[in-house]
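Below is one structure, written out as structure tokens; comments come after it.
Please treat every number below as a calculation from the coordinates, not as lab data. Nothing here was measured: the structure is a model prediction, and the numbers come from that model. So basically every Cβ, Gly included, is an ideal-geometry build from the backbone, and we count neighbours across all protein chains shown.
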Amino acid sequence: MTNCEIRSYQDLKVWQESMNLAESCYQLTIAFPKEELYGMTSPIRRAAVSIPANIAEGYGREYRGEYIKFLLILQGSLKELETHLLLSARSKVGLTDTLAVNPILRQCESVRRLLRGLILSLQNKASRE
């Protein structure tokens, strides 16, 4: 398979990176107190998992416009995740610290750039059709 050949959503760099991001979020929240299961653990995990899941679901849609719509929604999910992470590291919340959150925030930024590139590529293809 060449670098440009996409046979499945699993071949997309943005999906691969978002899976890594979700895994990092799961690892981070393992150390959260049990009483935060519904307060912060679940929302972080849910937002993180929704990113690769929606990339996959959008990829499976029949129309490019629907796929783009899913990807645009993901931009919001990514910001939601970042907000949960930042809040969990605030000193008055104290679930984690910035040393643990910063690498995950960098992963979020990487996924955001890849996601934006995919959206622009799909929009350009649609405009040429």
#### Entry: Among (1) -0.35, -1.07; (2) -0.34, -1.19; (3) -0.26, -1.10, the entry derived from the coordinates for log10 I(q)/I(0) by the Debye sum over Cα atoms at q = 0.10, 0.20 Å⁻¹
(1)
### Gain upon complete extension [Arg116, Arg64; 0.36 nm per residue less C-alpha separation]
17.2 nm
### Message
Only Cα pairs within less than 10 Å get springs; with that Gaussian network setup on the chain, which residue of Leu12, Leu21, Leu81 has the largest fluctuation?
### Response
Leu12
### Task
Mind sorting Leu120, Leu85 by how few other Cβ atoms lie within 10 Å of their own Cβ, fewest first?
Leu120, Leu85
### Summary
In degrees rounded to 10, the 0-90 angle between helix 42-59 Cα long axis and the longest Cα principal axis of the chain is 10
### Query
Quick one: length gained pulling Thr83 to Ala31 fully straight, 0.36 nm per residue minus the C-alpha distance?
16.9 nm
#### Entry: Inter-label distance, nm, simple model (7 Å from Cα along the C-beta direction), Gln123/Ile73
1.9
### Query
Roughly how many Å is it from the Cα centre of region 80-129 to that of region 1-46, as a whole number?
11
### Query
Among Ile30, Ser42, Ile68, whose Cα lies farthest out toward the positive end of the dipole of the chain, if unit charges sit on the beta carbon of Lys, Arg (+1) and Asp, Glu (-1)?
Ile68
